[in-house]
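Here's the structure we're looking at; comments come further down.
Just so it is clear, none of the values below were taken in a lab; they were calculated from the coordinates. Since this is a predicted model, take the numbers as computed values, not measurements. Methodologically, a virtual Cβ is constructed for each residue, glycine included, from the backbone with ideal geometry; neighbour enumeration extends over all protein chains shown.
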Amino acid sequence: MDYASATPILPEVKQVMEKYWSRDFYNPSAIYEEGVQIKKEVEEFRTKIARLLGVTRESIIFTSGGTEANTWAVRGVRPGRVIVGEDSHPSVLEAAKGLTGTETTLVSSVTTDNKLGRKIREERKKNNSQYPLLHVDASQTAQYFNVGLETLLCDLITLDSAKLYGPKGIGVLVLRRGLKLDLPPLGTPPVPLIAGFCKAFEIAVRDRERERERLISLSTIFMKNIEHSLPEVYIAQSQPNIINISVPGILPELLVLALDRAGVLVSAGPACNSNKPEPPDTPVRFSFGRFTTSEEVRRAAEIFCRTVESVVK
């Protein structure tokens, strides 16, 4: 019940990656024929990802994951003030620390609609300025919504393979055409990971609508079962697959550990921030995924209610 922290790699994704671990292991920076061929395949993967997002391949920058993509998005723009949403990932909050200036150069959000993007574009036109830029961290939403630059009316997008049933250690930063960032030197492309990301993203786009509706249905079942047994708790659905629950009077870490002992794995706040104590009002996060069944959801709701009652006693 913690798919928002990480997802298992799909068999189809693993299959695509395997040849780059053994037979086609060559360095894409090499000038001999095998290396040139691998570089060509890397660019083909880049082009496929770009087409799925409605951009050119020059807009696709491979990173080591969502955290690095977020850091580059925040730190790579022209120095200035950065506005960060309160529900942003810790990596965005950390990257924005110490950034000040008279001009707002970046707004970072996790929005899934284009209202914010439209407002920012109107503001830029009004002030005859190219700033602020809009960055959308779509790590959690790319498998359920269209997250193209023009769909969201944004300038930068973060994607994370670890949230898309792809390999860990690979992400993408998508840039609006013509946008230049101050980025560090890029190393050798991790070919197996790039291949896996591409396949995982293709599958996510293919199954997006069906999975979104299925997970909304599962979330509804889960929330109804909780509300029926524990009307005093606070429940909010932040994504089709993510349910946040606050229980008055119970520390979130205590509830997470009690659920762990009962066989239900959940989080309190982002997993990347789990080494820091969460405030008492932090909700417990249930997140469902591709392999979650209605039976598992009902069972999880039952265990949660029983666990809350035992902790309160």
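FRET efficiency for the pair residue 293 and residue 51, taken as 1/(1 + (r/R0)^6) with r the Cβ-Cβ distance and R0 = 41 Å, rounds to 0.80. The angle between the Cα long axis of helix 191-229 and the longest principal axis of the Cα atoms of the chain comes to about 20 degrees, rounded to the nearest 10. Scoring 11-22, 234-245 by mean Cβ neighbours within 10 Å over their residues and listing the highest first yields 234-245, 11-22.
The alpha-carbon of residue 39 sits under 15 angstrom from the alpha-carbons of these aspartates and glutamates, leaving out residues fewer than 8 places away in its chain: 24, 58.
To the nearest 0.05, what FRET efficiency results for residue 229 and residue 5 with a Förster distance of 30 Å applied to their C-beta separation? Step by step, r from the Cβ atoms, then E = 0.70. Estimated at 0.36 nm per residue, the fully extended path between residue 206 and residue 305 surpasses their Cα-Cα distance by 32.1 nm. Placing a pseudo-label 7 Å from each Cα along the Cα-to-Cβ vector at residue 216 and residue 83 gives an inter-label distance of 2.9 nm.
Relative to the dominant Cα principal axis of the chain, helix 115-127 is inclined by about 50°. Given a 10 angstrom Cα cut-off, can you work out which residue in 257, 164, 106 is the most mobile in a GNM of the chain? Top of the fluctuation ranking is 257. Per the Cα gyration tensor, the chain maps to an equivalent ellipsoid with semi-axes of 35, 26, 17 Å, ordered largest to smallest. Length gained on full extension, residue 37 to residue 188: 52.9 nm, using 0.36 nm per residue less the C-alpha separation. With contacts taken as Cα pairs under 8 Å and at least 6 residues apart, segment 208-312 reaches a relative contact order of 33 percent. The mean sequence distance of close C-alpha pairs (under 8 Å, at least 6 residues apart), as a share of the length of the chain, puts its relative contact order at 21 percent. As an equivalent ellipsoid, segment 208-312 spans semi-axes of 21, 16, 12 angstrom, where each value is the square root of five times an eigenvalue of the C-alpha gyration tensor, largest first. Between helix 66-75 and the chain, what is the angle of the helix's C-alpha long axis to the longest principal axis, kept within 0 to 90° and rounded to the nearest 10? With rounding to tens, the tilt is 60 degrees.
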